[in-house]
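The values are calculated or read from the model by the stated rules, or taken from the named source; none is laboratory data. Not measured: the values here are computed from a predicted model. Cβ placement follows ideal geometry from the backbone for every residue including glycine, while neighbour counts extend to all protein chains displayed.
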């Protein structure tokens, strides 16, 4: 677990001191985690399930987070907690296990929505992959996302000595600017749900 105390004296938020604990998610926290995953990838989930229903998207993700050994399992989730409330979440897994972790997702989509599921490979062996990161809107601008990314860098790059990868939409220059500032570098391009994305990595 990672504990950080953040101070931003110039914030417009009157609560300028933030006590934040970053830890592994627990099996019974799916309902608390889903809103953050949807913040990060709601449109992609709609494409996966073939419906633009936030309720059905949430139900789908809850069922996966509750289970083990899939992309969105609680086992692959980190949460940031402040004063007992989860304020951010991140899904991270070994890129070399992508097809193994994706298979249960495909089965769930077939079972719940009677659809096939065969998207492009978003990651590969040789990196831990940041699949999604979502931060509570009321906490944005307080550095929560930066602290969470800094923790992931410490956990995977510095401690595990493994590359850490992510994709960024070419239409999101602000996010790319943050990732570059944190030390990530552009290493190529990938396609995900028919969108061209830049592939960034931070290596030991």
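Descriptive notes on the structure:
- Only listed residue being in contact (Cβ under 8 Å) with a residue 24 or more places away in the chain, within 16 Å of the chain's Cα centre (by Cα) and under 21 Å from residue 43 (Cα atoms), chosen from 79, 144, 133: 133
- Entry remark, the range 121-162: residues being surrounded by fewer than 20 Cβ atoms within 10 Å (Cβ to Cβ) and in a loop (DSSP other than H, G, I, E, B) number 11 in total.
- Leading residue by the ranking (nearest to residue 128 (Cα to Cα)) among those in the range 163-187 that are touching a strand residue (DSSP E or B) at 6+ places or on another chain (Cβ under 8 Å) and exposed (fewer than 13 other Cβ atoms within 10 Å of the Cβ): 185
- Qualifying residue in the range 180-190 (condition: within 15 Å of the chain's Cα centre (by Cα) and assigned to a strand (DSSP E or B)): no
- Residue in the range 84-105 that is touching a strand residue (DSSP E or B) at 6+ places or on another chain (Cβ under 8 Å), at pLDDT below 95 and exposed (fewer than 15 other Cβ atoms within 10 Å of the Cβ) present: no
- Set 112, 41: member being in contact with a strand residue (DSSP E or B) (Cβ under 6 Å, 6 or more places away or on another chain) and either assigned to a helix (DSSP H, G or I) or farther than 22 Å from residue 166 by Cβ (or both): 41
- Subset of the range 191-204 [assigned to a strand (DSSP E or B) and surrounded by 14 or more Cβ atoms within 10 Å (Cβ to Cβ)]: 192, 195, 197, 198, 199, 200, 201, 202
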